Amino acid sequence: MKRFIRFIKKVLLRIVVAFFASTILSVLVLRWVPVYFTPLMFIRVSQQIAAGEETKLHHHWVPYDEISPSLSLAVMASEDARFLEHHGFDYKAIEHAAMRNIKHPKKRKLGASTISQQTAKNVFLWPGRSWVRKGFEVYFTTLIELMWSKHRIMEVYLNSIEMGDGIYGADAVAEWHFNTTADKLTKGQCALIAASLPNPRRFNSAKPSGYMLKRQKRILHEMKFVKSLP
C-alpha cells in the first residue's frame, strides 16, 4: 500500500511539474511568436461543422504598429480604462461589479474582466464560466503580466479577439466589415468595433444598431480621457 501511495505521489508530482513547465514555456514563447490560432477558433469551426454550416475563419496576424492606435484607445475606453495601471486585475472594477450584481440580481451580470484576463482566456483557454476555468484564467493572466509587456498583451488581444461571426482580430474585421486594413481604421470605426465586443456575434460593427451607435458615441467620448500606450 505504501508503495502504491508513493507511486501516486510521484505521478502527481510529475504531472504538476509538467503542467507548470509547459505553461510557462508556452507563455514565454508567445512573448515573441505570433498567435495564429486560438482554442476559440477551433471551437467555433467545430460548431459550424456540427451545425452543417459553411466554415468561416478569417484571421491574419499583423504587428501592433500596423493597427490603428485608435483601436487600442477604443478597447481600453470600452473594456478596461485602467489597463496601463493594473497588473492584470482591476480590483476597483471587480468590487463595483460585485456590489452592482448583489444590488440588482435580476439584471444582466456585470463583468470586470480586464484586457489581460481576456487575452489569457482567448489564447490559452476555452469559453465558459466555471470556477476551474476562472482559476486557470487567473493563473495565465498572472503569467502574461509577469512575462509580457503591455504592448505585447495589447498586440495579442487585438489580433486574437473575436470581432464578428468567424472574424478574429483587427485586420480581419477591418477587411470584412470596413473594406480596409487595420492601420487605416478611423476613430469611428474603432469605436464601433469596441462597441461590438460584449457580444460580437450579435452586434455587427458593419451594421450598427441604434444601441451600438449610442455605445460608439460614449466610447468616442471616453477615448479622450484614456492614456495611449507609451
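Key figures
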read-out	value
Lone unmet requirement of (1) in contact with a Phe, Trp or Tyr (Cβ under 8 Å, 6 or more places away or on another chain); (2) among the polar types (S, T, N, Q); (3) open to solvent by 30 Å² or more (accessible area, probe 1.4 Å); (4) within 24 Å of Val27 (Cα to Cα) for Ser209	(4)
Residues located in region 70-124, provided they are of a type in the set (D, E, K, R), open to solvent by 40 Å² or more (accessible area, probe 1.4 Å), closer than 27 Å to Tyr168 by Cα and modelled with pLDDT of 70 or more	Glu79, Arg82, Glu85, Lys121
Condition check for Leu220: within 23 Å of Thr38 (Cβ to Cβ) and either open to solvent by less than 20 Å² (accessible area, probe 1.4 Å) or touching a helix residue (DSSP H, G or I) at 6+ places or on another chain (Cβ under 6 Å) (or both)	no
Members of region 49-67 that are touching a residue at least 40 places away in the same chain (Cβ under 8 Å) and either of a type in the set (A, V, I, L, M, F, W, C) or open to solvent by less than 10 Å² (accessible area, probe 1.4 Å) (or both)	Leu57, Trp61, Val62, Ile67
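The values are calculated or read from the model by the stated rules, or taken from the named source; none is laboratory data. Since the model is a prediction, treat every value here as computed from it, not as a measurement. Cβ: placed from backbone, ideal geometry, glycine included. Neighbour counts: every protein chain shown. When the accessible area is computed, the model is the full protein with side chains, heavy atoms only, and any ligands, DNA or RNA have been set aside. Shrake-Rupley method; radii C 1.70, N 1.55, O 1.52, S 1.80 Å.
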